[in-house]
Amino acid sequence: MIGIDKLGCYVPKTVLPLTTLAHARGVDPDKYTQGIGQKEMAMVSHNEDVVTMACEAAHTILSDEDKALIDMVLFATETGLDYSKAASIYALDVLGLPASTRAIELKQACYASTGAMFLAMDYVRSHPTKKVLVLSSDIAWYGFESAGEVTQGAGAIAMLISMNPRLGAIKEGKKTVRNEKDFYRPLYSKVPVVDGKLSIECYQDMLKEVQDHHPRLYTCFHLPFANMAKKANQVMTHPMDEQHLSVVKELGSRVGNIYNGSLYLSLLSVLMHAKEDLRGETIGMFAYGSGAMAEFFTITLKEDYKSGLNMESLKAIDQDRIELSMHEYESLMNHYENKEYSASLDLSTYVKPYQTFVLDRATSGHRTYKKLK
Ligand code: CAA
């Protein structure tokens with residue numbers, strides 16, 4: 001049996017309340033909170049990037065024993081730092097993983113995490129004593145006053161893939177790929193080119209095609225915004241009721257879109273907020289990445305699935321948050337855009353007490369990270 005041994009998550013503490021954004025943009029707040037379904041979106045701080053977020057997520061789950069068994073690190077992101085060098089090399093170094101590890105970065109919009117998970121499962125099948133660390137880390141940034149501004153967010157998921165997993169066994173379902181122009185980020189652009197309506201149509205169409213038509217207590221979805229769960233549920237042969245649907249989207253509504261990690265954030269939402277005893281339960285999982293690739297699969301939870309989670313760190317996700325004003329949000333995201341395109345950085349003055357990993361500086365575009373605790 002192969003699957004997810006451990007699952008960890010990190011979300012930045014700084015958040016923008018959607019009512020603040022609505023007032024600033026002259027939009028009825030109900031459109032964002034009721035129509036889109038978002039309460040807050042997480043925004044990266046000055047000294048965070050996809051590497052620090054991935055390391056924070058991994059740090060919550062990895063023991064020294066796990067680290068010794070990791071043979072490969074797959075880093076799924078559409079927020080790449082470098083055209084050549086994989087973010088996994090930075091992460092591997094900062095996390096102190098063995099030098100014999102294979103380190104690669106993967107891309108296919110928000111689907112790369114799920115693609116990486118299936119590649120990791122194949123690897124573990126042929127190297128059964130080894131484990132693979134799959135990191136998903138992204139910053140969803142659409143630009144000020146864009147249609148997608150309300151569907152931003154930032155965060156990371158870490159998954160340890162192994163034989164005899166603690167959390168749950170993964171079973172492959174159906175997948176499909178099409179050449180679509182719903183959402184992509186060409187080399188010339190700092191933000192994605194998005195056809196929002198087309199992206200929702202592609203998502204729903206492909207979900208119709210790959211779903212397995214089994215009634216289930218919960219199906220988790222890739223959630224670019226919380227009410228995408230409602231739109232996904234509408235095309236399911238066996239839709240969930242309102243109460244179950246709200247469990248699937250609860251965490252996402254406090255975080256926003258974290259691209260590659262969003263489906264697994266929805267899974268964590270179920271694991272944290274479901275009222276039922278989930279031991280032995282099979283949960284449906286729908287992965288979608290614009291461009292477009294979709295896949296439906298299931299996870300069957302183990303009796304002791306909670307041993308694959310770090311509950312304390314998960315509970316901390318929506319605690320002690322720092323609410324940004326509109327001015328702070330704008331200055332933070334201006335800083336973010338400049339940071340991503342600067343050859344030289346010195347961020348050593350920005351350290352916050354809750355951070356374990358920080359981006360300290362960049363020299364000739366090469367980043368230097370620090371582990372603080
Ligand atoms: N009170 C309550 N509800 C209101 C309202 C009000 N005053 N005003 C509008 N609404 C409702 C609308 O009726 C609508 O609800 P339904 O969708 O249920 O009809 C909802 O609020 C949103 O309104 P609009 O459709 O008018 O919003 P919009 O034109 O501003 O676009 C969006 C919304 C398409 C999601 C846009 O934010 C966007 O382009 N986002 C980025 C792309 C995206 O997230 N696509 C999702 C699928 S692609 C994917 O999954 C990959 C990925 O990660 C990007």
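The values are calculated or read from the model by the stated rules, or taken from the named source; none is laboratory data. Note that the coordinates shown come from a computational prediction; the quantities given were computed from them, not determined experimentally. Here the Cβ positions follow ideal geometry from the backbone for every residue, glycine too, while neighbour counts run over all protein chains shown. Surface accessibility is based on the protein's heavy atoms, side chains included, excluding ligands, DNA and RNA. Shrake-Rupley method; radii C 1.70, N 1.55, O 1.52, S 1.80 Å.
Brief remarks on what is shown
- Under 5 Å, built H, 5+ apart or other chain: amide partners of Y184: V193
- Per-residue surface analysis assigns D304 an accessible area of about 100 Å², computed on protein heavy atoms at 1.4 Å probe radius.
- Between the amide H of T219 and those of G284, distances stay under 5 Å, these residues lying 5 or more places away or on another chain, with hydrogens modeled in the peptide plane.
- Solvent-accessible area per residue for the chain (1.4 angstrom probe, square angstrom): 40 Å²
- What the phi angles of region 166-183 give under the Karplus curve with 6.51, -1.76 and 1.60, with θ = phi - 60°, is a coupling list of 6, 7, x, 8, 9, 10, 5, x, 10, 9, 8, 10, 9, 8, 10, 10, 6, 6 Hz, glycine and proline written as x.
- Carbon/sulfur fraction of accessible area - the chain, other protein chains in place, 1.4 Å, %: 50 percent
- For R367, the accessible surface of its heavy atoms amounts to roughly 20 Å² (probe 1.4 Å, protein chains only, rounded to the nearest 10).
- Once all protein chains are placed together, H222 keeps about 10 Å² accessible to a 1.4 angstrom probe.
- Loop-resident sites, region 136-183, for chymotrypsin sites (Phe, Trp or Tyr not before Pro), counting at most 15 other Cβ within 10 Å (DSSP): F144
- Cα gyration tensor shape of region 241-322, rounded if a/c is under 1.5, else prolate or oblate by comparing a/b with b/c: oblate
- The string of couplings for region 112-128 from the Karplus curve (6.51, -1.76, 1.60, θ = phi - 60°) is 4, 4, 6, x, 5, 4, 5, 5, 4, 5, 5, 5, 5, 4, 8, 9, x Hz, one whole number per residue in order, with x for Gly and Pro.
- Going by accessible surface with a 1.4 Å probe and the largest first, I200, I2 read I200, I2.
- In region 175-227, the trypsin sites (Lys or Arg not before Pro) that fall in loop regions by DSSP, at most 16 other Cβ within 10 Å: R178, K181, K190, R216
- Whole-Hz Karplus values for region 50-58 come out as 5, 6, 4, 5, 5, 5, 4, 5, 5 Hz, taken residue by residue from phi with 6.51 cos²θ - 1.76 cosθ + 1.60 and θ = phi - 60°; glycine and proline positions read x.
- DSSP bridge pairs, the chain: antiparallel proportion in percent, nearest 5: 75 percent
- Cα-based shape type of region 177-278, given that a ≥ b ≥ c are square roots of the gyration tensor eigenvalues and the cut on a/c is 1.5: oblate
- Out-of-range pairs (alpha-carbon distance over 25 Å; input K6/K107; K31/K339; K131/K181; K85/K370; K231/K275; K174/K230): K31/K339; K131/K181
- Look at where the Cα atoms of region 105-156 and of region 32-95 average out, and the two centres are 9 Å apart.
- Each helix, a run of at least 4 DSSP H residues, gives -39500 (n - 2.57); summed and divided by the residues of the chain, these come to -9500 deg cm²/dmol at 222 nm.
- Cα Rg, Dmax (largest Cα-Cα span) when computed across the chain, Å: 19.1, 57
- Remark on A226: its backbone amide H falls under 5 Å from those of Q38, a criterion applied only to residues 5 or more positions apart or on other chains, H modelled at 1.01 Å from N.
- GluC sites (Glu not before Pro) within region 117-174, DSSP loop, no more than 10 other Cβ atoms inside 10 Å: E145
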